[in-house]
Amino acid sequence: MTEGEPLTGLLLGYGGSFAVGCLLGIVFLWGLWLTVRRLPTADHPALLMFASLILRFGVTLAGFLLIIRMGSWEHLLVAAIGFTLPRLLIRHRFQAPAAREEPGA
């Protein structure tokens with residue numbers, strides 16, 4: 001945090017970093033979903049999986065590098081939290097109902 005910066009500027013900066021992190025997480029998971037759907041019909045499934053991994057990592061890394069260049073490590077941390085949020089939401093959405101119940105309940 002910078003001392004003279006107004007609160008709205010900070011909130012917009014961190015909110016933007018969070019939104020970009022969420023977008024990166026969605027793009028990463030969407031690319032994985034497309035890859036897994038295409039695996040059964042692929043001629044070279046290992047090559048498809050590897051190319052998808054490199055492409056998804058490249059896009060994610062480029063996004064995080066953009067955030068760190070425009071902000072600070074705090075912005076990167078907020079973006080990383082945003083990056084994990086879609087995964088948690090999707091996992092919760094598609095988890096079996098029996099697995100959601102607390103153990104011992």
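No value in this document is a laboratory result; all are computed from the given coordinates. Note that the structure is predicted; figures quoted are calculated from it, not measured. Counting neighbours? That spans all protein chains shown, and the Cβs are built from the backbone with ideal geometry, glycine included.
Output the number of residues of the stretch 33-86 satisfying the condition of being aliphatic (A, V, I, L, M), surrounded by 12 or more Cβ atoms within 10 Å (Cβ to Cβ), farther than 18 Å from SER17 by Cα and over 18 Å from the mean Cα position of the chain (by Cα).
Counting residues in the stretch 33-86 that are aliphatic (A, V, I, L, M), surrounded by 12 or more Cβ atoms within 10 Å (Cβ to Cβ), farther than 18 Å from SER17 by Cα and over 18 Å from the mean Cα position of the chain (by Cα) gives 5.
List pairs: first in the stretch 17-43 and touching a residue at least 40 places away in the same chain (Cβ under 8 Å), second surrounded by 12 or more Cβ atoms within 10 Å (Cβ to Cβ) and outside any helix (DSSP H, G or I), Cβ under 7 Å, 6+ apart or cross-chain?
Here the result reads SER17/GLY71, each pair linking the stretch 17-43 to a residue that is surrounded by 12 or more Cβ atoms within 10 Å (Cβ to Cβ) and outside any helix (DSSP H, G or I).
Conditions first: (1) loosely packed, with under 13 Cβ neighbours inside 10 Å; (2) among the charged types (D, E, K, R); (3) touching a residue at least 60 places away in the same chain (Cβ under 8 Å). ARG91 passes all but one, so which condition is the exception?
That leaves (3) as the condition not met.
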